[in-house]
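The structure under discussion appears below in the form of structure tokens.
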Amino acid sequence: MVEVSGLHKSVPVNGGEGTLHILQDISFTVGAGASVAIVGASGSGKSTLLGLLAGLDVPEGGTVRIRGVDLFLLDEDARAALRGEAIGFVFQSFQLLPALTALENVMLPLEIAGNPEAERLARQWLERVGLGERTRHYPKHLSGGEQQRVALARAFAAGPQLLLADEPTGNLDAETGAAIIELMFSLNREAGTTLILVTHDEALARRCQRVLRMHAGRIAEEVLSAI
């Protein structure tokens, strides 16, 4: 499902006089239906890597292939089309549209994809994340945890082949977080969805089949789970 080879990302610093290497020589593969956690200290490059896997950013070097397609040989429109078809992304900052209700936020990518069942699916997933009574609420009227659940429903609703999640339970209380974790892994098991998540939660990471531990922009260690 995912092939990463020699990925490198850097940004200029000090007015262009220096360079900060965010990612250096990242290479790994993830098979269809696998679950992988990416862990590491803040600033180790985890979220940057996840954004590159989704084609939301472009590296200085290396390749990312999704289902054999090199993301960075595609233009932005083609990358967006691939995301809409195959990739769900849960952002740490939610990325909900403030002018749309919870229901409309979940429906939007389904409608863009031309799914005639957009409203039914959106309502179904909002029910599954415990927000069936909040469909008409706008993001500003939802708590941080509720906004995160809307973002999760939006990512799940399209039935993605690959789900990328950046700290998916970071803004949730323990009970809701546990329910969302079960949803993610049930999607992984039942639909064969490939799951790659960034987390600081070691217990959550251990539930994945593999753990990639990052340090200073590199994969410092890979651990196979005992599950």
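Just the residues that are touching a helix residue (DSSP H, G or I) at 6+ places or on another chain (Cβ under 8 Å) and at pLDDT 80 or above, please, taken from region 169-183. I'd like the intermediate steps shown before the answer.
Looking only at region 169-183, we keep the residues that are touching a helix residue (DSSP H, G or I) at 6+ places or on another chain (Cβ under 8 Å), and these are 169-173, 176, 180-181, 183.
Of everything in region 169-183, just one residue is touching a helix residue (DSSP H, G or I) at 6+ places or on another chain (Cβ under 8 Å) and at pLDDT 80 or above, namely I181.
Which of the residues spanning region 125-143 are part of a helix (DSSP H, G or I), open to solvent by 60 Å² or more (accessible area, probe 1.4 Å) and touching a residue at least 12 places away in the same chain (Cβ under 8 Å)? First the steps, then the outcome.
Taking region 125-143 and keeping what is part of a helix (DSSP H, G or I), we get 125-128, 139-141.
Narrowing the set further to residues that are open to solvent by 60 Å² or more (accessible area, probe 1.4 Å) leaves 127-128, 140-141.
Scanning region 125-143 gives R128, K140.
Taking the conditions exactly as written (farther than 16 Å from I219 by Cβ, open to solvent by 60 Å² or more (accessible area, probe 1.4 Å) and at pLDDT below 85), does L73 satisfy them or not?
no
S93 passes all but one of (1) open to solvent by less than 80 Å² (accessible area, probe 1.4 Å); (2) of a type in the set (S, T, N, Q); (3) in contact (Cβ under 8 Å) with a residue 12 or more places away in the chain; which number fails?
For S93, the exception is condition (3).
For Q92, which of the numbered conditions (1) at pLDDT below 90; (2) in a helix (DSSP H, G or I) fails to hold?
(2)
Filter region 193-209 for residues that are surrounded by fewer than 19 Cβ atoms within 10 Å (Cβ to Cβ), under 16 Å from the mean Cα position of the chain (by Cα) and under 23 Å from V4 (Cα atoms) and give the result.
H200, the sole residue that qualifies.
Evaluate region 46-56: report whether one residue or more is surrounded by 14 or more Cβ atoms within 10 Å (Cβ to Cβ), in contact (Cβ under 8 Å) with a residue 12 or more places away in the chain, small (G, A, S) and out of contact with any helix residue (DSSP H, G or I) (no Cβ under 7 Å at 6 or more places or on another chain). Full working, then the answer.
First pass over region 46-56, keeping only residues surrounded by 14 or more Cβ atoms within 10 Å (Cβ to Cβ): 46-56.
Checking which are in contact (Cβ under 8 Å) with a residue 12 or more places away in the chain leaves us with 46-50, 52-56.
Now drop any that are not small (G, A, S), which leaves 47, 54-55.
Among the residues that remain, those that are also out of contact with any helix residue (DSSP H, G or I) (no Cβ under 7 Å at 6 or more places or on another chain) are: 47.
Yes, region 46-56 contains at least one residue that is surrounded by 14 or more Cβ atoms within 10 Å (Cβ to Cβ), in contact (Cβ under 8 Å) with a residue 12 or more places away in the chain, small (G, A, S) and out of contact with any helix residue (DSSP H, G or I) (no Cβ under 7 Å at 6 or more places or on another chain).
Given the conditions (1) open to solvent by 50 Å² or more (accessible area, probe 1.4 Å); (2) within 24 Å of A179 (Cβ to Cβ); (3) modelled with pLDDT of 90 or more, which single one is not true for A102?
A102 satisfies every listed condition except (1).
Which one of G62, G114 is over 15 Å from the mean Cα position of the chain (by Cα), part of a strand (DSSP E or B) and over 23 Å from E167 (Cα atoms)?
Values: G114 fails: part of a strand (DSSP E or B).
Residue meeting the stated conditions: G62.
Out of the residues in region 111-124 that are of a type in the set (A, V, I, L, M) and modelled with pLDDT of 90 or more, state the one that is nearest to K46 (Cα to Cα).
Filtering region 111-124 for residues of a type in the set (A, V, I, L, M) gives 112-113, 118, 121-122.
Those still in the list that are modelled with pLDDT of 90 or more too: 118, 121-122.
Details: A118: 32, L121: 31, A122: 29 Å.
Ranking the qualifying residues of region 111-124, first place goes to A122.
The values are calculated or read from the model by the stated rules, or taken from the named source; none is laboratory data. Only a predicted model underlies this, so the values are computations on that prediction, with no experimental measurement involved. Neighbour counts are summed over all protein chains in view; Cβ atoms, including those assigned to glycine, are modelled from backbone coordinates with ideal geometry. Calculation scope for accessible area: heavy atoms of the full protein, side chains included, ligands and nucleic acids excluded. Shrake-Rupley method; radii C 1.70, N 1.55, O 1.52, S 1.80 Å.
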